[in-house]
Every structure is written in C-alpha cells, then in structure tokens.
1. Place the peptides 318-328, 118-128, 425-435 in order of packing, highest mean first, counting for every residue the other Cβ atoms within 10 Å and averaging per peptide.
2. Roughly speaking, what is the stretch gain from E79 to N143, that is 0.36 nm per residue apart minus the C-alpha to C-alpha distance, in nm to one decimal?
3. Using mean Cβ contacts within 10 Å as the protection proxy, how do 169-180, 216-227, 70-81 order, highest first?
4. Provide the packing ranking of 404-413, 334-343, 307-316, i.e. peptides ordered by the mean count of other C-beta atoms within 10 Å per residue, highest first.
5. About the Cα centre, and with charges only on the beta carbon of Lys, Arg (+1) and Asp, Glu (-1), how big is the dipole of the chain? Nearest 20 debye, please.
6. Show which aspartates and glutamates lie in cross-link reach of K369 when reach means a straight Cα distance below 19 angstrom and same-chain residues fewer than eight apart are skipped.
7. Defining a contact as two alpha carbons under 8 Å apart and six or more residues distant in sequence, what relative contact order in percent does segment 184-265 show?
8. At D35 and A23, where each label point lies 7 Å from the Cα along Cα→Cβ, what is the point-to-point distance in nanometres?
Amino acid sequence: MTSTAPASSEVPVADRLRAQHGAALTLGEDCDLPDDLVVELDTGAHLTIGDRVSIRRGSTIQVHRGATVAIGDDVAIGENTFISAMAGIRLGDGAALSNMVDLHDHNHRVRTAGNVPTGQPVPWASGFEAAPIIIEPGATLSNKVTVTGGVRIGANALVGANAVVSHSIPPDTVATGVPAGVRRHFDGAPVAGEDRRTLTVGFFGTSIMEHLEAFNAQMTTQADLPEIGSKVTVEGWHQRGWVHRLTLSLRAAHAHVGFDVRNRGEGGATSRDIASLVEADRATEGVDYDLVFLGCGINDVWRRFQNRLSEAVDLDEYTRHINTMLEQLTGYSRQVVVISETPFGPIEDPGTVTAMNTELARYNEAARKAAAAHGALFLDVWNPFTAVARHLPADDKAGGVWSDGVHLTELGDTVLLQHAERLLAEHRIVEKLLDYPLLERDRALTAYSPMFARYRPTAS
C-alpha cells in the first residue's frame, strides 16, 4: 500500500498527492486539502476526488486492494474523519461529513470453524466481508457518525450526531440513534440523483398470481370512455390482481426505489408446471432476485377432482417439486416468501368443496414445512381469507371473495394484498433488501465493481 504521510514542505498538497499516487488518484480542481491528510492506496485501488472538495486536518482515506473511493464535487469532510474501503465508497456531490465520522465498508468475518479452519490466533485469519457505502448528493452526517458496509444514505438525508447507520436511510429524512432510524421526513431540495437502487421481485404461481384481464385503452382513459352499450375490441391482456396492486403499493411507499417486477404466474399451472417455469426462468434469464413469492397447489388438487388425472399432482410429487424450487430459488434470491393457496369457494356441491379443501390444506401444510426447511418465510392466507368469506352475507351484491369458487374478486385480491403488505412491514423486508449484501472480500470486489467503474480511469 502506498501512503501519503503528513509532510512539511512548500509543495502544494494536491501536487504532492499526484506525484505520490500517479494514475491511482484522480484529483479535481480548487480543492482545500490539509497538509496532514493521509491517503493510502493499495495495489489496484483508485481514489477520485472531485472539484472544490474541502477536507479538514487529521483525516485519512484508505483504499484497499482493488477498491474505489469516489468523492463528488463540493463535498465537505470534517476533522479526523476516517474513510476505509475494500469494495467501494461513494460520496455524492454536495455531501457533508462532520468531524470524526467513520466510514468502513468492511469488517472481519466471524471466526467460525469454516472461516478459520486451522484456528490461527490472528485477527485477520477469518478474512473480511464487504459491501458498498453510497452517500447520495446533499446528505449530511453529523459529528461522530459511524456508517457500516452495505448502507445507502439517501439524498438530502440528515444523520444526527453519534448515530450508527447500519441500514439504509431514505432520501429527505432525518435519522438518529443506534441503530439509526428515520425520525421524520421533509420536502427535500432538488438534487442531481445517483443511480436508483432497483430491487428485482419475482412471482411464481398460478392464475391467482397471473390474474389476466382484457385490455382496451379506451376502457381505462377517463376522458374517453366508450358509451354505455357500445362495443370495444380486446387489444390484449394485462396482469392485474393482488400482484399488480402490491407492485403499485411498493412503488408508492418507496418512490426513490426502482422495482423490476417479473410476474411468472401462469393460469392452470400445477406445481409440476411451475417447477418447469422456475427452471426455464433461471436458464433463460439468469436473474438474481431480491424477493420472490412462490405459491402453488390449488391446481394439483383441482385436477384430480375434475377427473383430469394425468394432470393432477399427488402430495408426494408436490412436496418434491416445492422443495426443489425452494432449493433453487434460495440459491439466487435474497428473500423467498411461500404463500399458501386460498381455499376453494362454495360454488360446487358443498361436500365436494369440503373434500377439496381438506386435501388442499394438506398441500399447504407441506408448503409450510418446506419453507421452514429452506429458510423461507411462509405467508398463511387461508385463515384470514376464510374469515372474510364467512362473515360476508350470503346475498352480498359485491360478489364475495371468489368469482367462480377458485379465482378471486377484487375483494379476494384485497385480502391477499393486505396480508402480503403486512408480512413485508412486520419483517421490514423491503428496508433490509435496500442494503447491499455483505460478501467475502474478493466476491464483493467482483460483484460491486460495475457500480464504481465510471469513477476509475479506463485502464485501471
């Protein structure tokens, strides 16, 4: 590691830094840098400092092997601040760090037997894990704030003194405490944003997830609705239902986040079909998901009662399929939620419906056990769905929760929506997913280097 130690010379600090670090340093104009600024750049590391950056005395910037620190224009950094990167740290334009702020995007891995197989009694034997720190434009960190790896602090956010920021903070908020939490929101000043954080969300299931509706643009244009009694042509199919409404809810609640939603629900699909969908999705798309919802089983049971025995899936086969899918999905998804199937409704012969629901409940229990075995969450919508259906009047003109005993009305969709939202809120799933995952040091460099490529010279 090359280091710039404090020097008492007549050479300007900027010139001394450029001479010391060469191509490993990109330094802007009109910066105010102290004589005792310590800059340590390891092999393959790069430090970019923008224009009009102010750094006060006693500060250290440490960039380890292959990592990047990128400081934007008009950034102010207070006294005795320590910035240390193993993956990457970005300070957006106009960000401010007060005195004694500490930014470390890495830490030692825990000393498990796997991480320290020979039991060496040295602190670094377990290796390190790292994830980026992104501080967006206009954010302000008060004195003695600590920020840990994997955190993104939103534009204009104000973090109070002595806070420990171990989870991401939204823009236009005030956050304090240990760990730092949002105390209030405010109407933030416009700033040039960083790249939006995008979460990829997948849904694998039946028509309950797919929920196709006929589409014609005139039917949804309030200023140009067709006359009553007129005819329109179906122009296509749109996916609606609870998945669509959950997507809108997520985008409304987290407007600063992008959601790449991939609804792989398929009408009539059994667990056998959905297992093929999961396999094909991975083979053709290769997507790593942040969040996945998986639900199946209703068609496995229904096909047997329809006497379509070649399509029916018995409980043993269903159990194999859902375990296989969970083994696959948990390997490339950060959070998986298994959602139970909703019961069959009172359309057919009551005795037949009871028999179908008794069987379907066994499949849901198998799904619950599979979710637990693979570390996935299980969302049980059976009981709340049944409760709503039971309390509705028999002659309810709104149509109840089923449209045909299997597919759901808007009310049925709303039951699913509310419980999905409740699960996400209770487990703070979206908030946790907004953190960048901590990875073993070399994996982190590979995974996160594209985020910092623009701040490095082309050849570095």
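1. 318-328, 425-435, 118-128
2. Full-extension gain reported as 22.1 nm.
3. With the highest mean Cβ count within 10 Å placed first, the list reads 70-81, 169-180, 216-227.
4. By packing density, highest mean first, the sequence is 334-343, 404-413, 307-316.
5. Approximately 900 debye in magnitude.
6. Correct list for K369: D300, D314, D316, E317, E327, E341, E359, D380.
7. The normalised contact order for segment 184-265 reaches 47 percent.
8. The two pseudo-label positions are separated by 3.3 nm.
The values are calculated or read from the model by the stated rules, or taken from the named source; none is laboratory data. Since we're looking at a predicted model, the values are computed, not measured. When we count neighbours, we look across all protein chains shown, and the Cβ atoms used for this are built from the backbone with ideal geometry, even at glycine. Accessible surface is based on the protein model in full, side chains and every heavy atom, while ligands, DNA and RNA are left aside. Shrake-Rupley method; radii C 1.70, N 1.55, O 1.52, S 1.80 Å.
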